[in-house]
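Take a look at the structure set out below.
The values are calculated or read from the model by the stated rules, or taken from the named source; none is laboratory data. Please read these numbers as outputs of a predicted model, since none were measured by experiment. Cβ coordinates were reconstructed from backbone atoms using ideal geometry, including for glycine residues, and neighbour counts include every protein chain displayed.
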Ligand SMILES: Cc1cc2nc3c(=O)[nH]c(=O)nc-3n(C[C@H](O)[C@H](O)[C@H](O)COP(=O)(O)OP(=O)(O)OC[C@H]3O[C@@H](n4cnc5c(N)ncnc54)[C@H](O)[C@@H]3O)c2cc1C
Ligand code: SF4
């Protein structure tokens with residue numbers, strides 16, 4: 001292998017390049033990124049950047065010098081528009097093409113939107129989005145409406161409240177976070193927001209964004225209207241796979257890989273765009289978390305370089321979200337769990353760890369300000385610990 | 001050439017990711033604080049510390065060449 005193209009210049013793409021070099025790859029590396037920025041970190045966007053606590057300078061994941069030390073040839077503001085899996089030719093939006101011996105697909109995901117945007121209606125994925133929302137917050141709006149109580153929406157609500165802005169958060173489901181945490185634990189987060197003065201409305205959807213050019217309010221499915229000049233839509237993301245439609249790869253809800261992160265011979269994928277069978281949970285999954293993008297990129301790069309001897313990628317997915325003064329973390333796979341039990345601390349204090357059981361196995365752990373416990377139990381999930389052994393464990 | 005491990009404790013949230021990668025260098029104790037066990041580790045630890053720098057979700061670890 002003499003040359004590699006890494007498509008997508010964010011967390012997964014960068015970590016893949018760093019790994020290729022650390023493991024001794026000396027060939028050419030092309031880095032193609034649709035955004036005009038060098039790789040930066042997204043988690044601070046909804047937290048420190050929106051809060052106005054950090055200068056943008058602090059989110060860069062790398063410097064120009066570090067990139068040139070890695071010997072990679074970056075093309076920022078350029079998109080890949082097609083991939084031929086036979087010849088490994090990558091067509092670019094500039095009309096040029098790259099001919100390489102290996103490809104890392106790391107094109108991530110983008111936010112879903114509610115159709116034509118009015119002024120004052122935002123989604124949050126990029127640093128440009130974050131700066132626009134921060135500027136809107138700086139105007140001191142009377143109220144911000146957050147549509148969709150996912151983790152990003154909840155972080156936006158939290159940051160807005162900390163800046164003293166009134167917030168209404170609306171969610172279609174009866175219990176926000178039900179899918180990821182279950183009803184009981186989802187309610188803990190909702191209560192936290194209500195205690196901080198967020199007007200949380202559940203079981204309603206946005207019928208209409210009212211306004212001519214700029215938004216003035218939101219009409220909900222229950223007929224009520226909320227006046228607001230700033231609306232942040234947080235209704236999830238969709239993987240960036242359109243550039244691969246002609247490739248013949250399976251791109252249903254992400255780029256399908258085998259258990260080692262190989263999508264096709266000499267093509268690997270990693271990060272928010274990748275779907276793969278995680279043998280630890282016997283489930284084909286796509287994970288939209290920071291830690292996965294990092295770990296999966298390391299694995300995918302090694303797979304490309306060393307072949308199948310690197311083995312399967314079967315991690316315990318893990319993420320954190322910071323809301324108000326709480327650091328919330330979830331490790332494992334809680335879909336369809338049977339029971340959740342608090343094993344440490346107290347829910348009332350919002351400082352606790354709770355375990356999730358599915359059949360007779362420990363499958364998940366949720367922590368509120370309990371990072372050490374989450375990591376210990378994560379280890380138990382990884383070693384397929386039985387429920388009774390997990391309940392008996394002392395940390 | 002030796003190197004130094006520098007942790008920004010304002011950023012660190014004690015999630016112990018670094019400890020899983022380089023337990024000889026990082027330890028999160030029962031008090032939930034991170035302790036750097038060796039702030040000028042052996043050269044043999046460099047790769048692991050580099051990996052910890054990359055895996056730390058809070059970008060709280062840096063390497064300084066001593
Ligand atoms: C506001 C926010 C807060 C977050 N907070 C947390 C958190 O607290 N905890 C957590 O675990 N995770 C968090 N995440 C998720 C985390 O940031 C993502 O999982 C991570 O960014 C995924 O990295 P990636 O490299 O796979 O994809 P992305 O970061 O999506 O990057 C993909 C890149 O590829 C580019 N691209 C797309 N198509 C093409 C193309 N055809 N050609 C070239 N380039 C292309 C895109 O423009 C983009 O720059 C957060 C995300 C956001 C947006
Ligand atoms: S990985 Fe980073 S945030 Fe976690 S304990 Fe180590 S230094 Fe702190």
Does residue A:394 qualify as being more than 24 Å from the chain's Cα centre (by Cα) and either closer than 25 Å to residue A:238 by Cβ or surrounded by fewer than 20 Cβ atoms within 10 Å (Cβ to Cβ) (or both)? yes
Only one of A:159, A:168 is within 16 Å of ligand 1 (Cβ to nearest atom) and more than 16 Å from residue A:334 (Cα to Cα); which? A:159
Complete set of residues in segment A:19-57 that are more than 9 Å from ligand 1 (Cβ to nearest atom), closer than 24 Å to residue A:124 by Cα and out of contact with any helix residue (DSSP H, G or I) (no Cβ under 7 Å at 6 or more places or on another chain): A:36, A:48, A:53, A:55, A:57
Are any residues in segment A:117-154 part of a helix (DSSP H, G or I) and closer than 22 Å to residue A:203 by Cβ, and if so, which ones? A:151, A:152, A:153, A:154
Contacts under 7 angstrom Cβ, first residue in segment B:17-38 being closer than 15 Å to residue A:379 by Cβ, partner within 16 Å of ligand 1 (Cβ to nearest atom) and in a loop (DSSP other than H, G, I, E, B), 6 or more apart: B:17/B:56; B:17/B:57; B:18/B:56; B:28/B:14; B:28/B:16
Unmet requirement for residue A:349, which otherwise passes all of (1) surrounded by 17 or more Cβ atoms within 10 Å (Cβ to Cβ); (2) away from chain B (no Cβ under 13 Å); (3) within 22 Å of residue B:29 (Cβ to Cβ): (1)
Residue check for residue A:356: over 23 Å from residue B:18 (Cα atoms), touching a residue at least 40 places away in the same chain (Cβ under 8 Å) and surrounded by 23 or more Cβ atoms within 10 Å (Cβ to Cβ): yes
If we ask which residues in segment A:1-17 are assigned to a loop (DSSP other than H, G, I, E, B) and more than 7 Å from ligand 1 (Cβ to nearest atom), their number turns out to be 2
Can you tell me which residues in segment A:264-299 are away from chain B (no Cβ under 14 Å), in contact with a helix residue (DSSP H, G or I) (Cβ under 9 Å, 6 or more places away or on another chain), over 28 Å from residue A:150 (Cα atoms) and not in a strand (DSSP E or B)? A:266
Looking only at segment B:42-52, how many residues end up being within 13 Å of chain A (Cβ to nearest Cβ) and over 24 Å from residue A:328 (Cβ atoms)? 6
Of the residues A:20, A:50, A:114, A:67, which single one is within 14 Å of chain B (Cβ to nearest Cβ) and outside any strand (DSSP E or B)? A:20
Subset of segment A:127-142, residues touching a helix residue (DSSP H, G or I) at 6+ places or on another chain (Cβ under 8 Å) and either within 14 Å of ligand 1 (Cβ to nearest atom) or at pLDDT below 95 (or both), comes to A:127, A:129, A:130, A:131, A:133, A:134
Count, please, the residues in segment A:214-263 that happen to be in a strand (DSSP E or B) and loosely packed, with under 14 Cβ neighbours inside 10 Å. 3
